[in-house]
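The values are calculated or read from the model by the stated rules, or taken from the named source; none is laboratory data. The shown structure was predicted, so the numbers you read here are calculated from the model rather than taken from an experiment. Counting neighbours? That spans all protein chains shown, and the Cβs are built from the backbone with ideal geometry, glycine included. Each accessible area value is taken on the protein alone, full model and side chains, heavy atoms only, with ligands, DNA and RNA left out. Shrake-Rupley method; radii C 1.70, N 1.55, O 1.52, S 1.80 Å.
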Amino acid sequence: MFWQTTRYSIDLTCPRVMGIVNVTPDSFSDGGRHADLSAALNHCERLLRDGAHILDIGGESTRPGAAPVSLEEELTRVVPLVREAVRLGVPVSVDTFKPAVMQAVLDLGADIINDIRALGQPGALEVVSGHPSCGLCLMHMHRDPATMQMLPMQGDVVPSVRAFLSLAAARAMSAGVARGRIVLDPGIGFGKTVAQNFSLLARQAELLAEGFPLLVGWSRKSSLGAVTATQGVAPEAASRLAASVSAAVLAVDRGAAVVRVHDVRETVQALAIWGAMREQVASEIHLSIAKKDQETLG
Ligand code: 9MG
């Protein structure tokens, strides 16, 4: 299976690691715009050295309770970095739900639009369907970042997340977006309880039944912290490395094609171990089929 994007057709037969590049004041800012840009670009280059296959650049925090960012501010944060990042030789995704930001980054050659609102903003569908080939990640979110954790979803979320994503993909396709451009994302942590997030992991197969590749983002999320706290781990997001890597491997083992992560190096290493195990399983199946064929023939 391939993910069609603006410049790249991404082979998803092996798992892909999307490195997170947040261009928010708490990430690279040291006061000057120029210094911020070069620090952000250094971060992109570091993620690539660590083995990232895709970069995901975002200018607005999506953390629960995060303050919204104006269009002008988001453009100021994201556009200069995207202009440089498209020269790095890997697919560049931009995490935005604003149609004007989508248009601006697509005009610069961005490859993927990662939309936490699944093209729900007026005008978003028109921007991406007006583009000949950009990739899309359509994510499920309950309510919005300001309120989603105050009133999370109720009950079994898997069927409703699945139905939402199926509808979002159908809407994009009816507007002319080719199926191969679309990847779906259950939106771990976006208006779901800890148990609901783990249920989306345990039952990824139900989401995969829609027939689209899945992208998942568990990295440093509070549901992981809720579990590791029971082991006495400090509550800070930075203490969730082992938990984040474990969740990424579990997601891939359950069929996720792309994992969105902060800790690229560690995730790539862990997935190499997973890959070695998978190759061994495949070769043992191959051997046992060859043996059965021999017995039948002979
Ligand atoms: C921007 N952002 C934050 N968390 C995310 C997740 O889980 N998936 C996607 N696609 N984007 C996310």
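List of remarks:
- Test for ASP95: is it within 16 Å of the ligand (Cβ to nearest atom), open to solvent by 10 Å² or more (accessible area, probe 1.4 Å) and among the acidic types (Asp, Glu): yes
- Selection status of SER223, within 12 Å of the ligand (Cβ to nearest atom) and touching a strand residue (DSSP E or B) at 6+ places or on another chain (Cβ under 8 Å): no
- Test: ALA282 is out of contact with any Cys (no Cβ under 7 Å at 6 or more places or on another chain), at pLDDT below 95 and within 13 Å of the ligand (Cβ to nearest atom): no
- Matching residues, region 146-164, being under 15 Å from VAL194 (Cβ atoms) and among the charged types (D, E, K, R): ASP156
- Among residues of region 259-278, those that are over 10 Å from ALA248 (Cα atoms), assigned to a helix (DSSP H, G or I) and open to solvent by less than 40 Å² (accessible area, probe 1.4 Å), counted: 3
- For region 141-164, the tally of residues that are within 15 Å of the ligand (Cβ to nearest atom) and either aromatic (Phe, Trp, Tyr) or touching an Asp or Glu at 6+ places or on another chain (Cβ under 7 Å) (or both) stands at 1.
- Residue match in region 148-164 (condition: hydrophobic (A, V, I, L, M, F, W, C) and under 20 Å from PRO99 (Cα atoms)): no
- Flag if GLY180 is part of a helix (DSSP H, G or I) and more than 16 Å from the ligand (Cβ to nearest atom): yes
- All conditions in (1) under 23 Å from LYS221 (Cα atoms); (2) of a type outside the set (A, V, I, L, M); (3) within 15 Å of the ligand (Cβ to nearest atom) hold for ASP111, with the sole exception of (1).
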